[in-house]
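J.: Structure provided below as C-alpha cells; questions to follow.
The values are calculated or read from the model by the stated rules, or taken from the named source; none is laboratory data. All of these numbers come straight from a predicted model, not from anything done at the bench. Cβ atoms come from the backbone with ideal geometry, glycine included; neighbour counts cover every protein chain shown.
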Protein chains: 2
Amino acid sequence: MLAEIITIGDEILIGQIVDTNSAWIAAQLNQIGIRVKQISSVSDDREHILTALAEAKGRADIILITGGLGPTKDDITKKTIADYFGVKMLENKDALENVTRIFARYNRPLLEVNRLQAQVPENCEIILNKNGTAPGMWFNADGKIYISMPGVPHEMMYMMEDGVLPKLKSSLKLPVIIHKTILTVGEGESFLAERIADIEDSLPPDIKLAYLPKLGQVRLRLSGYGDDEVLLKEKIAGFAARIVERVGDVVAAEEDIPVEKVILNLMTERGVTLSVAESCTGGYISHLFTQHPGSSKVFFGGTVSYSNSLKESILGVSEQTIGQFGAVSGETVEEMVKGALLNFKSDYAIAVTGIAGPDGGTPEKPVGTVWIAVANVNKTSVKKLTFGNKRQQNIERSAISALNMLITLLRESGK
Amino acid sequence: MLAEIITIGDEILIGQIVDTNSAWIAAQLNQIGIRVKQISSVSDDREHILTALAEAKGRADIILITGGLGPTKDDITKKTIADYFGVKMLENKDALENVTRIFARYNRPLLEVNRLQAQVPENCEIILNKNGTAPGMWFNADGKIYISMPGVPHEMMYMMEDGVLPKLKSSLKLPVIIHKTILTVGEGESFLAERIADIEDSLPPDIKLAYLPKLGQVRLRLSGYGDDEVLLKEKIAGFAARIVERVGDVVAAEEDIPVEKVILNLMTERGVTLSVAESCTGGYISHLFTQHPGSSKVFFGGTVSYSNSLKESILGVSEQTIGQFGAVSGETVEEMVKGALLNFKSDYAIAVTGIAGPDGGTPEKPVGTVWIAVANVNKTSVKKLTFGNKRQQNIERSAISALNMLITLLRESGK
C-alpha cells in the first residue's frame, strides 16, 4: 500500500518554514504498514495543486494533503480539491458546531470567514479538528483515498492519531514493513561498510540495509517488506544480531533512538545522575536531554553560564583561571565540569565552552574552537575540537561530540 | 526562473529524518531571484529517481538534487544520473585529490569504495566538496541546469555558498523576488485579516499577502514578483507601511525574524540584560536565545533547575514554598524569577515551571500545567497556562508564551 504526502504552502517553497509534518506523518504510516512513495511540496496555486493531485494519484493509493485550510484568502486547498472532484461546497453541521464551540470558549465573536471554515466539498466525510477551526476531510474516489488536513502541526497530529490512523487501519488490509536500526558511535561509514561487507552481500532481496551518517554517528537501518510479520521480524533480527556481533565495539543502541536517549536509558538503568555546565552550547545539551519523557530521573539540570561571572558564581571557576587561560580553555572547562559535579551533586557532568561564532574569534582561538569535558568522580576527560564558522552547526556538533564523549566514559565506567 | 529541489533518500520517506536541506536551499535561491516551484522527496530507487528528474524537467529550469552520494551500496544517485543522461562514468582527478587529501588528513587508509567516490558522469563539471568525500556535480543539458549535492547538511551548505550560488548568479539573468514580513504577537489570524481586509483587497496582482500563524504569533508576508527591483520594493514598502499603521499595536517586528531575536535586538538597543530560570522548558529558551550571533551582549545565561534542590541552591527558592505550593505553582515561579534577577544580576528575567508530560500530572495539576513569570526590577508578571499532553509541544509553547510575555513587558517598560 503506497501513500504520497502533498504539503501545500508558499512558506515551504520560499524556505520560511521547514516541513516537519511530512516526516512525522511518514513515520506514523510506516508503523501501520503504509509506505510513503513520495513527498511533494507545492505552492498555494490552483493549477499546481491540481497537477500534484493527478500525479500523486498515478503513484499512490492514499494521498495525504496538509496545509492551505486556513480562513484567509491565500488558503485555497479546499476549493481546489472540490474542483478536482468536480463537486460543490456545502456547509457541514459538525464542522460548524466545532467552529462555534471554539469561538465560544475564547469568548470571541464568530466572523463570516470563520463560518466559511465549515464549508467542505460535498463528497467528503469530515474529520473533527479538536484543536482548531479547519475540519479535516476524507474522500474515497476511484479506488483511492484522499485525506486533507491543516498544516498546523499540533492540529494535524491530533487529527491523525484520533481519526485518520484508526480509520486507515480498519478500512484497509495492510502489509508489513519492519525497520530495525542499530546506532553506532565512533566509526566512519565506509569503515563500517567494509567490516560488514559479507553480511550486507548475503541479504535477501526483501531486506535492505541503509547507512545514515551524522557527526561521528552512523545509523545502520535494516528494512524488510512482506506479508508475514513474524517471519520478517525473525529474519531481520538474525541479520541485526550478526551485525551487532561484528561491530559491537561501536554499537551504542540496537534501536532507533538519539544518543542522549541512549545515555538517559543507560544512566536510569545504573541509577546515576547527570548535570551540565554549558557555555557555547547555550542550553542545547539540556534541551536534548529534557525533551525526553522521564529525563528528570537522571538529569538534575545545571547552568547556562554564558557570562564569565556566572561561570565564577555558579560553577566556582576561579577568576584567575579565566584571566590566565581564557574562558575558552582546557583549564576553564575542567574547572567547569568539576564545579558542576560538586555544586549540582550529580554522578556525571558535562561542560562545554567555546567560540560558536560567527564573531569573537582570535588568531590563537579561531571561531569554532570548543573545549569539552566529561567527568565522574574517578575520571575527567577533556578534549579540544575545532569546527567551522557556522554558529548553529558549531552548537550542534559541540553537543553531539559531548554526548559521544559521555557515552565513551559510561562504557569505560560500566561493568 | 524556476527551480525544483529533489531530495533522495529512504530515510526521509520513512520519517527517520526531517528534510531541513530543502528549506535552506529554497531560502538561498529566493534571495538571488530563483523561485522554487516544487520540492520532491523520492526514494533510493532508480526508476523513481528517473521519473522525478523527468517530471522536474517539465516544471523547472534548474533542478537541485541532494542525497544518495555516499560510498555505500544504497547510494545510487550518481549512477542513476549518468543513466538519465545516457553517459559513462569517469574518474575525476580533482575529486580523487580531494578524497585522498581528506583521508590523509585523518591518517586513514583510502579504501576502494572511497576511491569510487571520485567517479562521476562524464558530462558533469564537479563542484568541490571541502567538507566531505562526495563531489558535487553540475550538468548543463537541453537548456536546463542540474546540480547534484550530498545530503549531509553542512557539506551541502558549504557547496551551495562556495560554488553553486555564485555560479548561478554569474551564468543566469535572474528576475527579482521581494519578500517583506511583519511579525505580530497577540492577535488571531482571522481578526488580523478582518482589520486589514481593505488593504488586502487593494493589492495589485504582482503582490501577494500570506498569513503564517504559529502559537500566538502571526507572520504577514507580502511577496512581489517582477523585474524592477526598486519599483517592487517601493510598492511592497508602501503596503507594509499601511498594514503596520493599521495593526501597530500588535506588531513585534517589521522583518522576518523569530520573537527571541526581536527581544535580543530591542534589549541590545536599550542596553539591558536577561537571564533565565528554566524548569520544564529544560534549556530550550536559553537555546533559542543563544543560537543567535551576538546574544551574549544581552543574555547572561541562567539555570536549568530541573531538580527541586537546584531551584533552592541556585535560585534561592525557599524549601517551604515548594513544600507548601509545589514546584509547579505561581509562588514558586515568582521566587524563581526574582532569584534569577537577584543572583544572575540581569535587568530582566524569565522563569518557567510546569509539567511537560506525558507523566507526572495530578488531578489538580494535570500534564500541560505551566507557570511562567517575567520580571524586571519594577514589575513581575505571572501567568498560568494549560496545554495538552504532548511533551515537545508543551516545551515549545511554554517557551513561546514566555517570549510573548517578555515582549509585552518590554513594550510596557519602553519609552
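J.: Do we have B:E234 as out of contact with any Asp or Glu (no Cβ under 8 Å at 6 or more places or on another chain) and farther than 21 Å from A:T72 by Cα here?
T.: yes
J.: Can you tell me which residue within region A:1-56, out of those that are assigned to a strand (DSSP E or B) and among the aliphatic types (A, V, I, L, M), is farthest from B:S22 (Cα to Cα)?
T.: Among those that are assigned to a strand (DSSP E or B) and among the aliphatic types (A, V, I, L, M), it is A:L2.
J.: Scan region B:339-346 and give yes if some residue there is farther than 17 Å from B:V272 by Cβ and surrounded by 23 or more Cβ atoms within 10 Å (Cβ to Cβ), otherwise no.
T.: Yes, because at least one residue in region B:339-346 is farther than 17 Å from B:V272 by Cβ and surrounded by 23 or more Cβ atoms within 10 Å (Cβ to Cβ).
J.: Which one of these is away from chain B (no Cβ under 11 Å), in a helix (DSSP H, G or I), among the aliphatic types (A, V, I, L, M) and more than 20 Å from A:V259 (Cβ to Cβ): A:L341, A:L410, A:L403?
T.: The conditions single out A:L341.
J.: Also, quick follow-up: Among the residues in region A:326-335, are any assigned to a loop (DSSP other than H, G, I, E, B) and acidic (D, E)?
T.: No: zero hits.
J.: Based on this model, can you work out whether B:T386 counts as touching an Asp or Glu at 6+ places or on another chain (Cβ under 6 Å) and more than 9 Å from chain A (Cβ to nearest Cβ)?
T.: no
J.: For the subset of region A:347-372 comprising residues that are touching a helix residue (DSSP H, G or I) at 6+ places or on another chain (Cβ under 7 Å), without any contact (Cβ under 8 Å) to a residue 60 or more places away in the chain and buried (at least 20 other Cβ atoms within 10 Å of the Cβ), which member is nearest to B:T290 (Cα to Cα)?
T.: Result: A:G357.
J.: Still on this structure, I have one more. Does any residue in region B:127-152 that is assigned by TED's automatic domain parsing to the domain that holds B:V99 and over 21 Å from B:L172 (Cα atoms) come within less than 7 Å, Cβ to Cβ, of a residue that is small (G, A, S) and part of a strand (DSSP E or B) six or more places away or on a different chain, and which pairs are these?
T.: B:N129/B:G136
J.: If you go through region A:21-74 one residue at a time, how many are farther than 30 Å from A:T181 by Cα and facing chain B (nearest Cβ under 8 Å)?
T.: Residues that pass the stated criteria total 11.
J.: Need the failing condition index for A:F289 against (1) modelled with pLDDT under 95; (2) within 8 Å of another protein chain (Cβ to nearest Cβ); (3) at negative phi; (4) under 22 Å from the mean Cα position of the chain (by Cα), just the number.
T.: Result: A:F289 fails condition (1) only.
J.: Further question on the same structure: Out of the residues in region B:147-195 that are among the hydroxyl-bearing types (S, T, Y) and closer than 29 Å to B:Y211 by Cβ, which is modelled with the lowest pLDDT?
T.: Restricting to residues being among the hydroxyl-bearing types (S, T, Y) and closer than 29 Å to B:Y211 by Cβ, the top hit is B:S190.
J.: Given (1) among the basic types (K, R); (2) within 12 Å of another protein chain (Cβ to nearest Cβ); (3) over 18 Å from B:A141 (Cβ atoms), identify the lone condition not met by B:K93.
T.: (2)
J.: To continue, here is another question. Is it the case that A:L264 is without any contact (Cβ under 8 Å) to a residue 60 or more places away in the chain and either more than 13 Å from chain B (Cβ to nearest Cβ) or among the β-branched types (V, I, T) (or both)?
T.: Considered against the rule, which asks whether it is without any contact (Cβ under 8 Å) to a residue 60 or more places away in the chain and either more than 13 Å from chain B (Cβ to nearest Cβ) or among the β-branched types (V, I, T) (or both), A:L264 comes out as no.
J.: I'm checking my understanding of the structure. Among residues of region B:352-368 that are under 27 Å from the mean Cα position of the chain (by Cα) and more than 15 Å from B:S305 (Cα to Cα), which one is farthest from the other protein chains (Cβ to nearest Cβ)?
T.: Filtering region B:352-368 for residues that are under 27 Å from the mean Cα position of the chain (by Cα) and more than 15 Å from B:S305 (Cα to Cα), the one farthest from the other protein chains (Cβ to nearest Cβ) comes out as B:G368.
J.: Next question, about the same structure. Looking at region B:54-70 only, could you name the residues that are buried (at least 22 other Cβ atoms within 10 Å of the Cβ) and over 24 Å from B:P166 (Cβ atoms)?
T.: Once the filter is applied, which keeps residues that are buried (at least 22 other Cβ atoms within 10 Å of the Cβ) and over 24 Å from B:P166 (Cβ atoms), region B:54-70 yields B:G68, B:G70.
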